[in-house]
């Protein structure tokens, strides 16, 4: 069976604090977040931008989070104000949030992996094996 894998990396800047954290991360601060998304599919499909079945996913769709917060992304926002209740703003939870919002924009046949870095050399990875 054929298999295609598409990878993209982008960044955004945002502020956050970790609720009830005993230390500096409990205070409002900012990061230059880096995000890596890997999308895998066994067949190619169209996208909202291209009607022909020639891609795993459109890069524009995968990179939604790098848009300005006022345009539906995460750039230059306070993550605590944008992410819904139940999401803490750790790198792990940001990866999960980006995964879930991205998955909503893609056919269910596309498998995703999302990694988020908030400091150089440290990454949180998220994928859902049950999808």
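The values are calculated or read from the model by the stated rules, or taken from the named source; none is laboratory data. Since this is a predicted model, take the numbers as computed values, not measurements. We place every Cβ from the backbone using ideal geometry, glycine too, and count neighbours over all the protein chains shown.
Quick check: is even one residue across the range 96-104 touching a strand residue (DSSP E or B) at 6+ places or on another chain (Cβ under 6 Å), part of a strand (DSSP E or B) and farther than 21 Å from residue 15 by Cβ?
Within the range 96-104, none of the residues are touching a strand residue (DSSP E or B) at 6+ places or on another chain (Cβ under 6 Å), part of a strand (DSSP E or B) and farther than 21 Å from residue 15 by Cβ.
Take the range 9-48 and flag every residue that is touching a helix residue (DSSP H, G or I) at 6+ places or on another chain (Cβ under 9 Å) and surrounded by fewer than 15 Cβ atoms within 10 Å (Cβ to Cβ).
The answer is 11, 19, 20, 28, 48.
Taking the condition surrounded by 13 or more Cβ atoms within 10 Å (Cβ to Cβ) and modelled with pLDDT under 95, does residue 87 pass?
Numbers: surrounded by 13 or more Cβ atoms within 10 Å (Cβ to Cβ): yes; modelled with pLDDT under 95: yes.
When the stated conditions are applied, residue 87 passes them.
Within the bounds of the range 82-89, is there any residue that is in a loop (DSSP other than H, G, I, E, B), under 28 Å from residue 19 (Cβ atoms) and touching a strand residue (DSSP E or B) at 6+ places or on another chain (Cβ under 8 Å)? Break it down into steps so the answer makes sense when it comes.
Applying the first criterion (in a loop (DSSP other than H, G, I, E, B)) to the range 82-89 yields 83-89.
Keeping just the survivors that are under 28 Å from residue 19 (Cβ atoms) gives 83-89.
Remaining after also requiring touching a strand residue (DSSP E or B) at 6+ places or on another chain (Cβ under 8 Å): 89.
Yes, there is a match, as at least one residue in the range 82-89 is in a loop (DSSP other than H, G, I, E, B), under 28 Å from residue 19 (Cβ atoms) and touching a strand residue (DSSP E or B) at 6+ places or on another chain (Cβ under 8 Å).
Any residue at all in the range 49-66 that is surrounded by 13 or more Cβ atoms within 10 Å (Cβ to Cβ), without any contact (Cβ under 8 Å) to a residue 24 or more places away in the chain and under 21 Å from residue 129 (Cβ atoms)?
Scanning the range 49-66, I find no residue that is surrounded by 13 or more Cβ atoms within 10 Å (Cβ to Cβ), without any contact (Cβ under 8 Å) to a residue 24 or more places away in the chain and under 21 Å from residue 129 (Cβ atoms), so the answer is no.
Looking at (1) surrounded by fewer than 17 Cβ atoms within 10 Å (Cβ to Cβ); (2) in contact (Cβ under 8 Å) with a residue 40 or more places away in the chain; (3) not in a helix (DSSP H, G or I), which is the only condition residue 108 fails?
Tallying (1) surrounded by fewer than 17 Cβ atoms within 10 Å (Cβ to Cβ); (2) in contact (Cβ under 8 Å) with a residue 40 or more places away in the chain; (3) not in a helix (DSSP H, G or I), residue 108 fails exactly one: (2).
Yes/no per residue for (1) more than 17 Å from the chain's Cα centre (by Cα); (2) farther than 30 Å from residue 2 by Cβ:
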{"site": "21", "(1), (2)": "yes, yes"}
{"site": "61", "(1), (2)": "no, no"}
{"site": "82", "(1), (2)": "no, yes"}
{"site": "91", "(1), (2)": "no, yes"}
{"site": "100", "(1), (2)": "no, no"}
{"site": "108", "(1), (2)": "no, no"}
{"site": "111", "(1), (2)": "no, no"}
